[in-house]
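Remarks on the structure that follows.
The values are calculated or read from the model by the stated rules, or taken from the named source; none is laboratory data. From a predicted model like this one, the values you see are computed outputs, not experimental measurements. Cβ atoms come from the backbone with ideal geometry, glycine included; neighbour counts cover every protein chain shown. Just the protein is used for accessible areas: all its heavy atoms, side chains included, with ligands, DNA and RNA removed. Shrake-Rupley method; radii C 1.70, N 1.55, O 1.52, S 1.80 Å.
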Amino acid sequence: MNKDTNFKRYLKLDLLPTPWCPGCGNGIVLKTICQAFDELNLPKNGTVVVSGIGCAGRSAGYFDLDSVHTAHGRAIPVAEGIKYANDALNVVVISGDGDLLGIGGNHLLHAIRRNTNITVICYANEIYGMTGGQVSPTTPHGTKTLTTPNGNQDQPADVQSLFKHHNCYYARTTAYHLNHMKKCIMEALEFKGFSFVEARTMCIVNNGRRLGYKNSNEMLLHYKEFYKVNDYAEELAQNEIGIIKSVVETGFKPVSTD
Amino acid sequence: MKDRLPGGISIMKQLLTGNEAAAEAAIQAGCRYYYGYPITPQNELINYMSTRMPEVGGAFIQAESEIAAISMVHGSAAAGGRAMTSSSSPGISLKQEGISYLAGSELPCVIVNIQRGGPGLGDISASQADYFQAVKGGGHGDYHTIVLAPCSVQEMADLVYDAFDLADKYRNPVIILGDAQVGQLMEPVEFHKKPKKNLPAKSWALTGAEGRKKNVIKSFYPVKGQLEEFNAHLQRKYRTIEEHEVRYEAINIHKADVILVAYGTSARICKEVVKKSQQYKFKVGMVRPVTLWPFPKEIIRKVSERVECILTVEMSAGQMVEDVKLAVEGRCPVHFYGRTGGGVPTSLEIIRKIVEIVPDNRAANTLLQLAAVK
């Protein structure tokens, strides 16, 4: 392996290809996570991955790292349990917006309060893809899905507002902005406290094609045109991606586990 | 220092509630990760843990919900630690999701259920109505948890020690099934057990995958045939547990005309009836299951071959009585007496029930005499 392919050491290459649909953005995020791991040279010996349920929840299986497959929505408290039991481990949660913000939303809220020193990477594809395309917590207002035939009546979750006032790390990025995504993930991993990366990624098969996109490339180009980078801002506008980082880093530890 | 007072009373004894005894025993058994959520009647346990756990350098979290607490147990158990959570009936219902995943992922942990009345919010007084939920699975899928039922504060402490050893030995969740009486009454208790040695090493735990095959903690087997194979492995494990871990207390079963079967608080009252009957010709004996799963069916089958009938006493509408009937297989009549919704059977009620089910003048006369004994 050379410098460009060194990230593959974090993957179980014999399990590839992934089960994701052609055009899915999840593989892009998965690769970028590995590149961030590689660039920080995270030790395999000290890194574990926790996943929830859904398309994104399948990610953990492809890492050559110790991992836990949890119940739907419970990835964050399971990850916290691991961190409390072994503070030396880097604990990374990889899951989707339905898992983390929908069924697991209450756990997210309280993990923010506890500021547990773990990293969460959220594949936010605006849809429940694995089950065929139902409305999810990040689906924009008005969008038609299998369960919102007249358009989504609810507002999408404004995740950044949960983080802003609690001294935690929040970043929003997209599957188009690869270098930006890598930077967000690396900063999140290095943050001493609770960190969350919302990676906007495309689901062409169970969402995009119903919205009129011809292929996933069109969705990527939409990210390119729609989103502007605005790092270290106080607040991100709807069409902005960037990093909101607290000034104070406070890694929560319940007590010494020495 | 002498550890006994004149008369053999240990100075090591403390006066604690059952809930506090469960917490202290867990600490002494090496539990360093406790996650809870307030609910009556188990609050003494979480309160005790909040001060005691930091003293020993462990983690205490009051989680945002029972579901979060059992999920944190999932994480700490996956990392190889001894982890525990506790709750009462409605909270245990919430934990069932996690318990099924823990059983399916073969993770050791201890879950304490200090039962209260149900269904729904029910009330906060003692009940034994979660028997089915505890011994038949509770969550989804073909699984069993080992279920231990203490009837005193001392036994609560002893069984919590054993629960951690059993959990580690079999990589399986263990439930302590108490009730509001056992959880809240205060009795002298002594902590004298030592955690078992020679337990299997946790080579499956998450420690980092450098230089070895990665460890995956999961209950997901999507490839056809894999899940059936895994379930067969679970069932083999359960048969081994049934073979080796059955526990019960048998009192006066050899001379008994009638056998009472009861556990926990009900068993304490039945014991009184057994004691009263010893001075009369008509004898009452008792089998008290200590493990509710695995159920002591062998001893119940044996006594059913020579007694007139069996009476199961529960603080429920009749749950364990089904397992008693399955063990007896029609060899003798099996009767039931139960109270629900916070009702606790009295010894007089139990004696009246025995008179009703034994249509024998000799028995009736003796028992009515018995009933008169205060």
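Before moving on, here are some points about what is shown:
- Exactly one residue among A:ASN150, A:ASN90, A:ASN125, A:ASN115 is on the phi > 0 side of the Ramachandran plot and more than 9 Å from every other protein chain (Cβ to nearest Cβ), and that residue is A:ASN115.
- Listed by position, the strands (runs of 3 or more DSSP E) inside region B:268-337 whose residues that are over 18 Å from B:ALA134 (Cβ atoms), in contact (Cβ under 8 Å) with a residue 12 or more places away in the chain and not acidic (Asp, Glu) number at least 1 are B:284-289, B:309-314.
- For B:GLY81, the test of being within 22 Å of B:ARG171 (Cβ to Cβ), at the interface with chain A (Cβ under 10 Å from one of its Cβ atoms) and without any contact (Cβ under 8 Å) to a residue 24 or more places away in the chain is failed.
- Filtered residue count, region A:158-188, keeping only those that are part of a helix (DSSP H, G or I) and farther than 17 Å from A:ASN90 by Cβ: 11
- Unique match (being away from every other protein chain (no Cβ under 13 Å), open to solvent by 10 Å² or more (accessible area, probe 1.4 Å) and either in contact with a Lys or Arg (Cβ under 8 Å, 6 or more places away or on another chain) or more than 22 Å from A:ARG114 (Cα to Cα) (or both)) among B:GLU106, B:GLU44, B:GLU66: B:GLU44
- With respect to the stated conditions, B:GLU190 fails to be within 22 Å of B:PRO294 (Cα to Cα), away from chain A (no Cβ under 14 Å) and either within 21 Å of the chain's Cα centre (by Cα) or open to solvent by less than 70 Å² (accessible area, probe 1.4 Å) (or both).
- When B:LEU94 is tested against (1) closer than 20 Å to B:PHE230 by Cα; (2) open to solvent by 10 Å² or more (accessible area, probe 1.4 Å), only condition (1) is not met.
- Selection count, region A:8-46, where residues are over 21 Å from B:ARG212 (Cβ atoms) and of a type in the set (Phe, Trp, Tyr): 1
- Residues within region A:13-27 that are surrounded by 24 or more Cβ atoms within 10 Å (Cβ to Cβ) and assigned to a helix (DSSP H, G or I), tallied: 1
- Residue in region A:28-42 that is in contact (Cβ under 8 Å) with a residue 12 or more places away in the chain, within 13 Å of chain B (Cβ to nearest Cβ), farther than 21 Å from B:ALA103 by Cα and not in a helix (DSSP H, G or I) present: yes
- Scanning region B:245-267 for residues that are assigned to a loop (DSSP other than H, G, I, E, B) and either open to solvent by 40 Å² or more (accessible area, probe 1.4 Å) or farther than 13 Å from B:CYS151 by Cβ (or both) yields B:GLU245, B:VAL246, B:ARG247, B:ASN252, B:ILE253, B:HIS254, B:LYS255, B:ALA256, B:ASP257.
- Count of residues meeting criterion [open to solvent by 20 Å² or more (accessible area, probe 1.4 Å) and in a loop (DSSP other than H, G, I, E, B)] in region A:97-118: 1
- Filtered by the rule that a residue be surrounded by 15 or more Cβ atoms within 10 Å (Cβ to Cβ) and in contact with a Lys or Arg (Cβ under 8 Å, 6 or more places away or on another chain), region B:205-236 gives B:GLY208, B:ALA209, B:LYS214.
- Residues of region A:43-53 that are more than 8 Å from chain B (Cβ to nearest Cβ) and open to solvent by 10 Å² or more (accessible area, probe 1.4 Å): A:ILE53 alone.
- From the options A:LEU211, A:LEU189, A:LEU221, residue that is open to solvent by 60 Å² or more (accessible area, probe 1.4 Å) and in contact with a Phe, Trp or Tyr (Cβ under 9 Å, 6 or more places away or on another chain): A:LEU221
- Answer from B:VAL290, B:VAL307, B:VAL324, B:VAL273 - the residue that is modelled with pLDDT under 95 and closer than 30 Å to B:ASP123 by Cα: B:VAL273
- Residue within region A:66-78 that is closer than 15 Å to A:SER195 by Cβ and either modelled with pLDDT under 95 or open to solvent by 30 Å² or more (accessible area, probe 1.4 Å) (or both) present: no
- In region A:54-70, the qualifying residues are those that are at the interface with another protein chain (Cβ under 9 Å from one of its Cβ atoms) and touching a residue at least 24 places away in the same chain (Cβ under 8 Å), and the one that is nearest to the chain's Cα centre (by Cα) is A:ALA60.
- Whether a residue is assigned to a helix (DSSP H, G or I), modelled with pLDDT of 95 or more and more than 8 Å from every other protein chain (Cβ to nearest Cβ) was assessed, and A:LYS83 does not pass this test.
- Screening B:MET156 with (1) buried (at least 22 other Cβ atoms within 10 Å of the Cβ); (2) within 14 Å of chain A (Cβ to nearest Cβ) gives one miss only, at (2).
- So A:SER59, is it within 21 Å of A:LEU13 (Cα to Cα), part of a helix (DSSP H, G or I) and not aliphatic (A, V, I, L, M): yes
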